[in-house]
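Shown next, in structure tokens, is the structure this report addresses.
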Amino acid sequence: MSIYGLAPVEWYGKGIRLLGRTAVECTRDQLANAIGQEIAAIATTSGSGTPRVMIVDPFVGSGNTLYWMMRHVPHAVGVGYEVDPQVFELTKRNLSILGLPLEVQHADYAKALEELSVSADALLIVFIAPPWGNALSTSDGLDLRHTTPPASEIIDRLTERFGNPMLFAIQVYEKIVPASVAELGVRFDWSALRIYDFNAAGQNHGVLLATRGWRPGRDSAEYR
């Protein structure tokens, strides 16, 4: 499992350690890199030149997705929140070992968002990947209405708290309950579903990309 741009033998040799559940749940390099590239490509079409950009990961875990998003949007300010004390301490230690300039806070996302300050002219990018738990089943696939918390709850908190133009990246599974995507769709000005062909058919992950307060620019036909 490659993470932080390092093969297993490299990161382990540097003293990086992961909890078992983090290894299972985290977004690995290949997928995190692809998500970061997608986000960067869409952000450049926001129509504001090079705006201020804030990237938020409310369920940061290992911090690997935040790392790749920041790598592809290098002028952004990024912050991640992790409520689990063990995961937070290991992630903080791992990032320190690698000297990565990522801000990770031990906090519940809902309380943290209430305290987050974002410049009024900033593009707010949010990666939404709450624990799936019982939201993923072999019969129906992923139901975004049953993640912990539901994806809609996270989005509503953000849109009620901030008036900024927003770009959401919601991690999904290849098999997904259509009604759960449709429920989210009414909240956005634009959205697109991307599934990455990295694993065997039926076992791939992807991302639901969506904007609020703006639409991708006309010069980017791929994202219309």
Under the 0.36 nm per residue contour assumption, what length would be gained going from the current alpha-carbon distance of Thr44 and Ala182 to full extension? 47.1 nm
So what is the calculated 222 nm ellipticity per residue for the chain, using -39500 (n - 2.57) for each DSSP H run with n of 4 or more, over all residues, to the nearest 500 deg cm²/dmol? -10000 deg cm²/dmol
Could you name the aspartates and glutamates in cross-link range of Lys111, using Cα to Cα under 17 Å and dropping any fewer than eight places away on the same chain? Asp57, Glu82, Asp84, Glu103, Glu153, Asp156, Glu160
Positive-pole candidate from Leu102, Val181, Ile155, dipole of the chain, charges at beta carbon: Leu102
Pick from Thr22, Thr138, Thr147 the residue whose mean-square fluctuation is largest in a GNM of the chain, springs joining Cα atoms under 10 Å. Thr138
Can you give the net charge of the other residues whose Cβ lies under 9 Å from the Cβ of Gly80, counting K and R as +1 and D and E as -1? -3
List Leu136, Leu144 from most exposed to least, where exposure is judged by having the fewest other Cβ atoms within 10 Å. Leu136, Leu144
Arrange the following residues from fewest to most other Cβ atoms within 10 Å of their Cβ: Tyr173, Tyr4, Tyr12, Tyr67. Tyr12, Tyr173, Tyr4, Tyr67
Using Cα springs under 10 Å in a Gaussian network model of the chain, which residue among Gly163, Gly61, Gly13 shows the largest mean-square fluctuation? Gly13
Cross-link partners among lysines for Lys14, C-alpha distance below 17 Å, same-chain residues fewer than 8 apart left out? Lys92
Want the number for Arg145 to Ala110: 0.36 nm per residue separation, take away the alpha-carbon distance, what's left? 10.9 nm
With a ≥ b ≥ c the root eigenvalues of the C-alpha gyration tensor of segment 29-109, is it rounded (a/c under 1.5), prolate (a/b larger than b/c) or oblate? prolate
In the chain the DSSP beta bridges are antiparallel at a rate, in percent to nearest 5, of 50
In debye to the nearest 20, the charge dipole size for segment 1-137, taken about the Cα centre with +1 at each Lys and Arg Cβ and -1 at each Asp and Glu Cβ, equals 340
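Every number in this text was worked out from the coordinates using simple rules, so none of it is lab data. Quick caveat, the model's predicted, so the values are computed rather than measured. Cβ sites come from the backbone with ideal geometry, for glycine too, and all protein chains shown count toward neighbours.
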